[in-house]
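Structure, as structure tokens:
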């Protein structure tokens, strides 16, 4: 799907040129010509990127950038005739991702657009992977890639088997598990030890995490376990 870019410039001829060149590259383009209209377009169009002129009527580009950053994280490239270091630093502090000084070539701008969109997509993908590879239960986080468990940011030391058991139980919250089921799944079908091994491991987890409880754990071999 093509990326949508919001071009914000109070000089319509410049906005038209930017729109033409971006559309030639396959981008969908919408335009705004002052700060208020830009903020409105952000909410209506939900663009993937904003090319934002600094000198705008009603609200200037710096103010628009600051407002957008309160609720959105799409890349913002500031466009300005000012080449001072202070202006660039201010723009970046407001939340801009890049800064292009006028006059600029179409080639340079397109390269920056592609680079910023690519970087943003990569960051989103990495964040999604982190979320997919983490399991959160209250203040407890199971970091599957790092093989680490933290509680309120503090690392909880677990053995390999404790980690695997916690991982399995966390993916089946609310389900009742027999010892035999846990042995088969966590310890493996070739494990021939005592089923009470499960009780011991669960007890250690309860002591370390205080979120695991044994439910209806009687003296029968088929007694069941659950996690809350």
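Given their separation in residues at 0.36 nm each and the Cα-Cα distance between them, residue 58 and residue 45 gain 2.7 nm when the chain is fully extended. Between residue 160 and residue 118, the FRET efficiency from the beta-carbon distance, with R0 = 45 Å, is close to 0.70.
Which FRET efficiency, nearest 0.05, do residue 23 and residue 69 yield, Cβ-Cβ r, R0 30 Å? All intermediate terms of the calculation are to be shown ahead of the outcome.
Values: r = 27 Å, r/R0 = 0.89.
Efficiency, rounded to the nearest 0.05: 0.65.
For the pair residue 210 and residue 14, the difference between a 0.36 nm per residue extended length and the Cα-Cα distance amounts to 64.3 nm. Distance between the C-alpha centres of the range 45-104 and the range 137-171: 41 Å, rounded to the whole angstrom.
Values in this text are rule-based calculations from the coordinates and carry no lab data. No experiment lies behind these values; they were computed from the predicted model shown. Using ideal geometry, Cβ is built from the backbone for each residue, glycine included, and neighbour counts are taken over all protein chains shown.
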